[in-house]
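Q: Before I ask anything, let me first share the structure, which is written out below as structure tokens.
The values are calculated or read from the model by the stated rules, or taken from the named source; none is laboratory data. Quantities reported herein were computed from a predicted structural model and do not represent experimental measurements. Neighbour counts are summed over all protein chains in view; Cβ atoms, including those assigned to glycine, are modelled from backbone coordinates with ideal geometry. Note: accessible area is taken over every heavy atom of the protein model, side chains too, but ligands, DNA and RNA are not part of it. Shrake-Rupley method; radii C 1.70, N 1.55, O 1.52, S 1.80 Å.
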Amino acid sequence: MVASSEYSRAGVAAGVPGADPAPARLTVGIVSAGRVGSAIGVSMERAGHVVFGVAAISDASRHRARTRLPESRILPVEEVAAHAELLVLAVPDSELPNLVTGLAVSGAVRPGTIVAHTSGANGVGVLAPLTERGVRPLAIHPAMTFTGHDEDTARLANACFGITAADEVGYAIAQSLVIEMGGEPVRVSEEHRTLYHAALAHGSNHLVTLIVDAVSALRAGLSGPGLLGQQVVDDQPNGVAERMLAPLVSAALDNALRRGLPALTGPVARGDASAVRAHLAALTDTDPELAATYRAMSLRTAELVENTELAELLEAR
């Protein structure tokens, strides 16, 4: 059976009596060499596994494979799949079902192969066509954003991974792999994968939207001649507006993660309706769509702090 030694090591990680404590090296194949796939590949190599092959189609992916995984061969998908003990499918969510179906139809993946995808939105159900052919299905999703550069690997070592498997042996294998990469495995049931992914997207993606909007408003408010020697406020990133927001936003994020809702400050938390009205008026003059976002966020904040009066004010158009 392919990767049986990995089952032994997973047994050690899960505390299974009699499991072989000797480390096992897996032959790893990765599809594709995107930001996530290349970071996973580097982490796997650092854990002692052998990334023998990578499927990379675009010029950017091929360059990433050559520079970040120089000892790996760039091969067709079917060849990577056929020789892997651990096959990592690191393609975008929308491409995963077709890739799985194609691999199942081709028969390239051997029974007993550990097949792990990195999709946040999917559990192991999406791997059903391969599971029916005898593979060990895993969902191993790093809760992290990736840039395609070396810092991605370091970030993986401090990230949580949402793992889903078909059985306890699968969970033990996924747990072992994540721990080897330096991450923290967190069990996510199949039925809760969409909610899990929605929460992460809401917290990370919408944070970017929020900051971009705040920077835009701040740039408008800081326009005009600056102090002597001060950088001119323009539309380039990492400018005065970003530097002004950075310590405030960083402190707010840290406080929210450490203390939860009691960390909330500002006019909504104080119930200052006049300040909220003034904010809405100023933002509407600058950008009505930004003002609508502020209103929606303020309404949700008012609901969280149970300020009914302010919530009713914000609901009224």
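Q: What does the charge count near V77 come to, summing +1 for each Lys or Arg and -1 for each Asp or Glu among other residues with Cβ under 15 Å from its Cβ?
A: On the way: positive: R62, R73, R110; negative: E78, E79, E95.
That sum, taken over residues with Cβ under 15 Å, equals 0.
Q: Another question, then. What accessible area per residue, rounded to a whole number of Å², is obtained for the range 119-250 using a probe radius of 1.4 Å? Walk me through the intermediate numbers first.
A: Details: 7130 Å² over 132 residues.
Here the residues of the range 119-250 average 54 Å² of exposed surface.
Q: Just from the alpha-carbon atoms, what are the Rg and Dmax of the chain in angstroms?
A: Cα radius of gyration and Dmax of the chain are 24.1, 73 Å respectively.
Q: Got a number for carbon plus sulfur as a percent of the range 175-317's accessible area, 1.4 Å probe? Don't skip to the end; give the middle numbers.
A: Details: 5610 of 9570 Å².
Here it works out to 59 percent.
Q: At q = 0.10, 0.13, 0.17 Å⁻¹, what is the base-10 log of I(q)/I(0) for the range 170-263 according to the Debye formula with one equal point scatterer per Cα and no solvent? Please give it to two decimals.
A: For the range 170-263 at q = 0.10, 0.13, 0.17 Å⁻¹, log10 I(q)/I(0) is -0.48, -0.70, -0.92.
Q: Continuing with the same structure: So what's the back-of-envelope 222 nm ellipticity for the chain, counting only DSSP H runs of four-plus at -39500 (n - 2.57) apiece and dividing by all residues, rounded to 500? Before the final figure, lay out the partial values.
A: Values: 14 runs with 167 residues, N = 317.
After summing the helix terms and dividing by residue count, I get -16500 deg cm²/dmol.
Q: What percent does the relative contact order of the range 68-136 come to when contacts are Cα pairs within less than 8 Å and at least six residues apart? Write down the numbers at each step before the final one.
A: Working: 78 pairs, mean separation 25.5, N = 69.
Relative contact order here is 37 percent.
Q: For a quick check of your reading of the filter: which GluC sites (Glu not before Pro) in the range 63-151 sit in a DSSP loop and have no more than 14 other Cβ atoms within 10 Å?
A: Working: sites: E71, E78, E79, E85, E95, E132, E151; in loops: E71, E85, E132.
Sparse-neighbourhood loop GluC sites (Glu not before Pro): E71, E132.
Q: Here's something else I'd like to know. Relative contact order for the chain: what percent, with Cα pairs under 8 Å and sequence separation of 6 or more? Mind dumping the intermediate values first?
A: Numbers: 490 pairs, mean separation 38.7, N = 317.
Relative CO of the chain lands at 12 percent.
Q: Another question about this same structure. For the range 30-137, give the percent of accessible area contributed by carbon and sulfur heavy atoms, probe 1.4 Å, rounded to a whole number. Walk me through the numbers on the way to the answer.
A: On the way: 2260 of 4380 Å².
Here carbon and sulfur together make up 52 percent of the probe-accessible area.
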